[in-house]
Amino acid sequence: MNAAIDQKHPSTRIRALFLSDFHFGYKGVDGAALLDCLKSYTPQTIYLVGDIIDGWKLTKRWHWTPEYTHIIDALVDHRRRGVKIIYLPGNHDERVRTLNPILRARFCFDVGLRITNSIVHRAKDGRKIVVLHGDQFDNALMRGRVSKVGDWLFEVFSDLFSFTPQTASVVVDGKAGKFSLAKALMKKSGKVALRMLGLLERRIVRLLKLKGMHGLICGHTHMPKMRMLRRKYMYGNCGMWMGYTNTAIIETMDGRFELVNWPDMRREQISIQASEAVHIARNYETALIIRRIRQLWPARKLAREAERMGMKPL
Ligand SMILES: [Mn+2]
């Protein structure tokens, strides 16, 4: 498959494309399906709804396939054609949230990307849709139930719509630590998982009501969803691109929100070095992005080695 956006490839114009949870660095990413999805649409705006890079995996061990580079190239192609791209970091790529603001601004300018923790998308019919990764709800979920009004008000104001950097720590049993809701949901019994998802939906309704919003689109749970909560609030979950279910949310030109899915197109995963990943990039922005990813999440072994030799990792 040619990585360039093929002019002959029929591409549907849409208002917005919402994608989350690519987890680059994880070995089961369905890059072929994701690339096909990106080539199938010409959106006005692309929202990357977090966990695009799996920094937790990358720092353990560098894993990159040629498809990752092609996907970033395809995004850059869109950008060059005037598509707005907004990146909302998640808990697996949380280092983007804590990036030095000056560095971040410079990088965003260089690659034509906007990075923010949450944003309001205006639907065609005027509805205000909050877009964020979704780990912002984790602390509340882990406590088991929504606590006193004062408590959640404080959380809503401090966690969401804030410019303060957030880290991916969640308090579990009194200890702050890295936490993956998607994993927790998989491990819990069906009943407990359902209760947690129910709780999540209640939290969402509260937030939307409080903020005067009409809907929310997030990722994080890896469970694709498109439904109305209390018949009033739209809740969309982008799902993931880690095989089995490949899903995205689109807003069509006439303003309908739809969950779309792609078949499993996974092929054998070839792992390439960072230098090779940069080398095969067609756009210089792509090379810049991959270099920045490498800097943000250096593999531990490599970082140690570079330090020993007095070098900065690529
Ligand atoms: Mn997540």
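Note on surface exposure: K84, K225 rank K84, K225 by accessible area, highest first, 1.4 Å probe.
When R97, R300 are compared by accessible area at a 1.4 angstrom probe, the order from most to least is R300, R97. Length gained on full extension, K211 to L103: 35.8 nm, using 0.36 nm per residue less the C-alpha separation. Please list, in order, the residues from segment 116-134 whose amide nitrogen is less than 19 Å from a point placed 7 Å along the Cα→Cβ vector of R256. Under 19 Å, as judged by backbone N against the label point of R256, lie 123-127 of segment 116-134. Once all protein chains are placed together, K124 keeps about 120 Å² accessible to a 1.4 angstrom probe.
Amide H contacts for H92 (H built 1.01 Å from N in the peptide plane; partners 5 or more residues away or on another chain; cut-off under 5 Å): D51.
The figure for I14 is an accessible area of roughly 0 square angstrom, using a 1.4 Å probe on the protein chains alone. In terms of its C-alpha gyration tensor, segment 263-303 comes out oblate, because a/c is 1.5 or above while a/b does not outweigh b/c. Modelled label positions at R292 and R61, each set 7 Å beyond Cα in the direction of Cβ, lie 2.8 nm from each other. For segment 1-106, what does the alpha-carbon gyration tensor say about shape, rounded, prolate or oblate, given a ≥ b ≥ c as the root eigenvalues, a/c under 1.5 as rounded, and a/b over b/c as prolate? Oblate.
Taking all protein chains as they are arranged and a probe of 1.4 Å, the heavy atoms of D77 leave approximately 20 Å² accessible to solvent.
Accessible surface area normalised per residue over segment 1-108 is 36 Å², counting heavy atoms of protein chains with a 1.4 Å rolling probe. For segment 15-103, the share of accessible area belonging to carbon and sulfur comes to 53 percent (1.4 Å probe, ligands and nucleic acids excluded).
Please say if segment 234-303 is rounded, prolate or oblate, where rounded means a/c under 1.5 for a ≥ b ≥ c the square roots of the C-alpha gyration tensor eigenvalues, and otherwise the choice is prolate for a/b larger than b/c and oblate otherwise? Judged from the Cα gyration tensor, segment 234-303 comes out prolate (a/c at least 1.5, a/b above b/c). Ranking of C108, C37 by solvent-accessible surface, largest first: C108, C37 (1.4 Å probe, protein heavy atoms only, all chains present).
The values are calculated or read from the model by the stated rules, or taken from the named source; none is laboratory data. Just so you know, these numbers come straight off a predicted model, no measurement behind them. Because the Cβ atoms are built from the backbone with ideal geometry, glycine has one as well, and the counts that use them run over all protein chains shown. Please note that ligands, DNA and RNA were not included when accessible areas were found on the heavy atoms of the full protein model with its side chains. Shrake-Rupley method; radii C 1.70, N 1.55, O 1.52, S 1.80 Å.
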